[in-house]
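Report on the following structure.
All of the numbers you see were taken from the coordinates with simple rules; none came from a lab. No experiment lies behind these values; they were computed from the predicted model shown. Positions of Cβ are generated from backbone atoms using ideal geometry, with glycine treated the same way; all protein chains shown enter the neighbour counts.
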């Protein structure tokens, strides 16, 4: 079975109001053999080869945002939004002091062009041969880039057998994990990176799709496209169909904190919200994770406050931060203004008497 959907329908066969019944719709798989992880990765490689077939890079070949389209509109994301997105990503990676870098899924090199000038060695891998050809054809023309310090490898995230253990201090997986076949595949890739990155180094994972926010994201998309007169049951159906058709990996931040207990080489896990003034799917529904390698640091004592239960306001928070706060203050259950409207829609749609 490929997909299944159950909806409530009213039986009006007698011409008047009738009983409500559950109706199931099933889409069978065309082939009995499920798609393997290798097939899925290969499929993404072919897709990106097709996307990168158009080599138009605009005025700046180091900022090629082809393929970065809004899920809401299908149109390219605004350039200003993408500049802000990249600046935040580069700032976080630069803070790791990268010198010997391994990037999984380097694409057209948006991160490579910014980080490689200060690196001793930069190794970029990608499943798309066209993406690597794009970078290679421009290596000698971008200021600050020494082609002798750049190594490009065609292969998937698992094709790392030829790399030497401990030969890197920074590994990067940015806006790539969503194309992995599943959480086990991601865990296996991270386990290999823990071997390749020396203690004291870090693994940066960026642009991660948030599993806890996935329902809110799907709801936001369908509400945005819904006509005012759309029946609420139909809206629920469309959200459910979108969920069933989801083909990209979404990851709970708890996955990374749990992974630390499975991989002793991870000393500390940091989860960061995506920073930026733009309100879009990248800042609203994605996040970053940094895995610091080495001996675990002593956990500090944290005083926690529940923002929702205590109805914490910004003025109250400012007062806490300036008058007698503990050295480290933790805040949980703070409403996110970027996703508050979508979260409210989710709650409304879960109610029996919901109405647009």
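For region 98-146 and region 162-233, compute the distance between their C-alpha centroids and round to whole Å.
21
Suppose R0 equals 41 Å. What FRET efficiency, 1/(1 + (r/R0)^6) with r the Cβ-Cβ distance, do residue 279 and residue 164 give to the nearest 0.05?
That pair, residue 279 with residue 164, gives E of 0.40.
Hey, with R₀ at 30 Å, roughly what FRET efficiency would residue 149 and residue 83 work out to, going by the Cβ-Cβ distance, to 0.05?
E(calc), rounded to 0.05, equals 0.70.
Classify region 100-151 as rounded, prolate or oblate from the Cα gyration tensor: take a ≥ b ≥ c as the square roots of its eigenvalues, call it rounded if a/c is under 1.5, otherwise prolate when a/b beats b/c and oblate if not.
oblate
Based on the mean of other Cβ atoms within 10 Å per residue, sort peptides 264-275, 213-224 so the most packed one is first.
The packing order, highest mean first, is 213-224, 264-275.
With a 10 Å Cβ neighbour count serving as the proxy for reagent exposure, in which order, fewest first, do 210, 70 appear?
If I rank by nearby Cβ atoms, fewest first, I get 70, 210.
Cα gyration tensor of region 188-334, axes a ≥ b ≥ c as square roots of the eigenvalues: rounded (a/c below 1.5), prolate (a/b > b/c) or oblate?
Oblate.
Set the Förster radius R0 to 56 Å, insert the Cβ-Cβ distance between residue 308 and residue 60 as r into 1/(1 + (r/R0)^6), and round the FRET efficiency to 0.05.
0.80
PRE reach from residue 71 (point 7 Å along Cα→Cβ): which of region 192-228 fall under 14 Å by backbone N?
It comes to 207-225, nothing else.
Report, as a whole number in µm² per second, the diffusion coefficient that Stokes-Einstein gives for region 60-126 at 10 °C and 1.306 mPa s using the Kirkwood radius over alpha carbon pairs.
D = 123 µm²/s.
Need one number: nm distance between label points at residue 188 and residue 254, each 7 Å from Cα along Cα→Cβ, rounded to one decimal.
2.5
Compute the Cα gyration tensor for region 220-287, then decide on rounded, prolate or oblate, letting a ≥ b ≥ c be the square roots of its eigenvalues: rounded whenever a/c is under 1.5, prolate when a/b is larger than b/c in the other cases, and oblate in all that remain.
oblate
May I ask you to compute the full-extension gain from residue 99 to residue 232, defined as 0.36 nm times their residue separation minus their alpha-carbon distance, rounded to one decimal in nm?
Extending this stretch completely gives an extra 42.5 nm.
So if each residue of separation counts as 0.36 nm, and I subtract the Cα-Cα distance between residue 336 and residue 261, what length gain in nm does that give?
So the extension gain works out to 24.1 nm.
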